[in-house]
Amino acid sequence: MADKKILVIDDDPDLVEGIKIALEANGFQVATAENGTEGLEKIKSAPPDLIVMDVMMDTITEGFQISQKLKNPDPKSEYKPYAQIPILMLTGISKKMNMEFSPEKDEDFLPVEAFIEKPVKLNALIEKIKQMLQKG
Amino acid sequence: MKAASFPRATAAGSNSREMMLANQRWSIRLRWILLAVVGGCTPIINHFLTLNIPEYPIYWICALLAAGNGGLQFGLHKILSNPSLERQTRSLEKWNAGQLTLDWAALSLMFHYTGGVGSFFLFYFLFHMILVGVLQPAPNHLFYITGMALTTNAIALLKFIGGLPPLYQASFIPQTVLQSIGFVLLILFFFDIVLFISVLLVHYLINRLNHIIGNFRELRDRLEYTNKRLALLNQLAKDTTSTLGFHPRLRFICRQVRKLMNVKGVAIYLLEESANRLDLVSACGLSDKYMSKGPVHPDRSIPEIRSGKFHYIMDATKDGSLQYPEAALKEGIVSILAIPLRAREQFIGSLRLYTGEKREFTKEENDFLLALSGQAAVSIENARIYEFQKKQDEVKNNFIQMMSHEIKAPLMAIQSILDVIKNEYVGPLTDKQREFVDRMNTRIDAIMETSTGLLDMYQWESQASVALKAVEIAEHLQKSVTLYTEMARNKGIELNLRLPENDLYIRAAEWDIDIILNNLLSNAIKYTEKGGSVRLDLYALDNKVILRIADSGIGIRSNDLAKIFTGRFRTPAAKEKDPYGRGMGLSFAKKIVEARSGKISVKSEFGKGTEFVLSFPMADV
């Protein structure tokens, strides 16, 4: 896993730093971004092998919007070359109990490869990332 | 013109144009028929029976009558082409007199030429006269039959005394009889009696019949009308939580009232308390201009209805109660009936009916409107409450979501830093430091568990309505077990799930199993030592779905068993294992189980293990 590059997109600096240190200690290269826009730029300039992204950043559904852009099936989309990069989405709101206005309700239609519900221990997160990279 | 309708004799004096027309048409038709019969039968009878009916006079009388009838028909046609209905009526009346005269002349001649009292056609004459008498409106029929009776009697008597030639020698009545005054008088007597009685009787009966039909029609119309109103009231009453939204419901009320009451326009005003203003929320039959005439103040626009009484304005342009009389004038509104809408003894607005011409509302209509306003007010209030409730639900859901996130996200950030420290990624730790980090981690876990537990409970309890469906329970079990697999593995506990071959379903909300299992599984793992096991068993028994969750954990003393389902109870052993738990999970799980018609029970041996058994009724798929 030494040469694998992970991009972490999240607006919480403590969490980002924690994840970055842990991932680096596990042999990954880590890039970070504070929001979706910065994230997209970094994806274009230095495409990662996997993206860890939070759902709620600048807006409640930013994570969804970014991933929809990336996975846009339109062949003319500018993100077409990056559509295959696996995305691990961190969600803070659980799918429980029929929350009418929750964006998570549509997660079945969302083209991310995996979801993880917060809170998640770092070990579990790293484990999941390794799994996803092996599959890919 | 209703050509097929039964010709009616009218009550005295009311010669409606329609009826006269019908009757005259019938008369003409009958005349043609009878002419054909008489003209046709005479030669046939003469041929087969040697009665020597004088054909020649009969033919020329028939011809005359035919000509006359043709003239009548033509004349009728000409009358109808006159555009003025009034002139038509007057012409018809005159024409009627003409018909009678024609009949009278023709019959009298026939009577004379066929031998008077001894005439073969005596019964035919009677029949004809009765028909005409029946078709004539009163008092014509009386004049006619009196005239006919006098004429025929006179002709008969004149023949007897020799003033007129007898004619028609060959008759089925022997001559001698005809020369007996007694016989002649007898025949005439019966003739007259039958004529008068028949005509008068039938006239009377037809009158009665028409009267009854009229009554019936009126009753039927009223019944239909009342039915429609009741149907509307009924519909409003049923409409409490209908699928119609607030505004569609108001529009519906306006349209229906306008149709049923047959008024120009209907409007509903609702009181906006804070602004002391009546807002026009729905209207029908009014122009946009009128509807946007300006703000309406409840104290200046028909303030009388606040006391709960109807208020009727006969002339909108002149009444002081109205705030915008000029607007009413422009709109063509003449009368207004304002009905207060009261819900729970509060004035909430008004229902207004606008008419284009002066109109008094009957007591019956007022009664209906009173009932309607009650129903409408209730319906409106209900719709408002429902909308408010939906809004509240939305607010609440948003709050829970935000709270949930605002707690979990920062906690995860904190734990991630703690994990980094604990794993010595940022430098070595002393034992004491490690211990503190662990304790903080534990506290954070506890906060997470408690807060999500509380939020879950709040969310679950405050659901307005839940759609229950047949949930496939094994799927949810598997999901939960997967979630706890790692936790169990880390603790060195074996986690097993045994599922049946068939799919089992219970009637619940989608998330119920997840919540219950979350509580029970986390407990089981928490209170079981390393090397222990947690086992889940799902199966069907006696039309019930049974789930057993057994652990080899610390167990519960028998005197504590009863208390574990009450909220916030924790055994000393549990407190030792998890000092920060709140003890709410089990009571919450029990609440959910029982809300889905299930049962939960527990068996335990202190120090050996605990087993929870849940049973649910099986759902039909």
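The values are calculated or read from the model by the stated rules, or taken from the named source; none is laboratory data. Keep in mind the model is a prediction, meaning the values are calculated, not measured. Positions of Cβ are generated from backbone atoms using ideal geometry, with glycine treated the same way; all protein chains shown enter the neighbour counts. Quick note on the areas: whole protein, heavy atoms, side chains included, nothing else; ligands and nucleic acids left out. Shrake-Rupley method; radii C 1.70, N 1.55, O 1.52, S 1.80 Å.
Miscellaneous remarks
- Long-range neighbours under 6 Å by Cβ, at least six apart or interchain, first residue closer than 17 Å to B:Thr151 by Cα within segment B:176-200, second open to solvent by 40 Å² or more (accessible area, probe 1.4 Å) and assigned to a helix (DSSP H, G or I): B:Val184/B:Phe160
- Leading residue by the ranking (least open to solvent (accessible area, probe 1.4 Å)) among those in segment B:88-104 that are more than 15 Å from B:Arg31 (Cβ to Cβ) and of a type outside the set (S, T, N, Q): B:Leu92
- Within segment B:20-79, tally of residues that are of a type in the set (Gly, Ala, Ser) and within 16 Å of B:Phe121 (Cβ to Cβ): 3
- Annotation: B:Val426 fulfils all but one of (1) part of a loop (DSSP other than H, G, I, E, B); (2) more than 13 Å from chain A (Cβ to nearest Cβ); the unmet one is (2).
- For B:Asp419, the conditions (1) buried (at least 16 other Cβ atoms within 10 Å of the Cβ); (2) out of contact with any helix residue (DSSP H, G or I) (no Cβ under 9 Å at 6 or more places or on another chain) are fulfilled apart from (2).
- Checking each residue in segment B:100-154 for being among the polar types (S, T, N, Q) and in contact (Cβ under 8 Å) with a residue 24 or more places away in the chain picks out B:Ser108, B:Thr114, B:Ser119, B:Gln136, B:Asn140, B:Thr151, B:Thr152, B:Asn153.
- Residue in segment A:103-134 that is least open to solvent (accessible area, probe 1.4 Å), counting only those that are modelled with pLDDT under 85 and over 15 Å from A:Asp54 (Cα atoms): A:Asp106
- Number of the exception - B:Ser533 against (1) open to solvent by less than 40 Å² (accessible area, probe 1.4 Å); (2) hydroxyl-bearing (Ser, Thr, Tyr); (3) modelled with pLDDT of 90 or more: (1)
- Segment B:491-521: number of residues that are of a type in the set (Gly, Ala, Ser) and open to solvent by 20 Å² or more (accessible area, probe 1.4 Å): 1
- Candidates are the residues of segment B:395-413 that are open to solvent by 60 Å² or more (accessible area, probe 1.4 Å) and more than 7 Å from chain A (Cβ to nearest Cβ); the one that is nearest to the chain's Cα centre (by Cα) is B:Val395.
- Single condition B:Pro325 does not satisfy, out of (1) touching a helix residue (DSSP H, G or I) at 6+ places or on another chain (Cβ under 9 Å); (2) more than 25 Å from B:Leu372 (Cα to Cα): (1)
- When B:Leu372 is tested against (1) away from every other protein chain (no Cβ under 14 Å); (2) open to solvent by 80 Å² or more (accessible area, probe 1.4 Å); (3) not charged (D, E, K, R), just one condition goes unmet, and that condition is (2).
- The residues of segment B:434-468 that are farther than 16 Å from B:Ile515 by Cα, within 12 Å of chain A (Cβ to nearest Cβ) and open to solvent by 30 Å² or more (accessible area, probe 1.4 Å), listed by number, are B:Asp445, B:Ile447, B:Ala464, B:Ser465, B:Ala467.
- The listed residue being of a type in the set (Gly, Ala, Ser) and in a helix (DSSP H, G or I), out of B:Ala138, B:Ala156: B:Ala156
- Selection of first residues in segment B:473-487 that are within 21 Å of A:Ala124 (Cβ to Cβ) and of second residues that are at pLDDT below 90 and among the aliphatic types (A, V, I, L, M), restricted to Cβ pairs under 7 Å at least 6 apart or on distinct chains, gives the following pairs, ordered by first then second residue: B:Glu486/A:Ala124.
- Test for A:Asp49: is it modelled with pLDDT of 85 or more and among the acidic types (Asp, Glu): yes
- The condition (being surrounded by 20 or more Cβ atoms within 10 Å (Cβ to Cβ) and either within 23 Å of B:Glu381 (Cβ to Cβ) or without any contact (Cβ under 8 Å) to a residue 12 or more places away in the chain (or both)) is satisfied by just one residue among B:Ala231, B:Ala237, B:Ala283: B:Ala283.
- Screening segment B:171-264 for helices (runs of 4 or more DSSP H) wholly inside it with 3 or more residues that are within 15 Å of the chain's Cα centre (by Cα) and among the charged types (D, E, K, R) returns the ranges B:181-238, B:246-261.
- Answer from B:Leu72, B:Leu107, B:Leu85 - the residue that is touching a helix residue (DSSP H, G or I) at 6+ places or on another chain (Cβ under 7 Å), under 27 Å from B:Ala138 (Cβ atoms) and surrounded by fewer than 17 Cβ atoms within 10 Å (Cβ to Cβ): B:Leu85
- B:Leu418 in contact (Cβ under 8 Å) with a residue 40 or more places away in the chain and either within 12 Å of chain A (Cβ to nearest Cβ) or part of a helix (DSSP H, G or I) (or both): no
- Restricted to helices (runs of 4 or more DSSP H) entirely inside segment B:552-621, those with at least 2 residues that are hydrophobic (A, V, I, L, M, F, W, C) and surrounded by 13 or more Cβ atoms within 10 Å (Cβ to Cβ) are B:572-577, B:585-595.
- Answer from B:Glu501, B:Glu494 - the residue that is among the acidic types (Asp, Glu) and in contact (Cβ under 8 Å) with a residue 24 or more places away in the chain: B:Glu494
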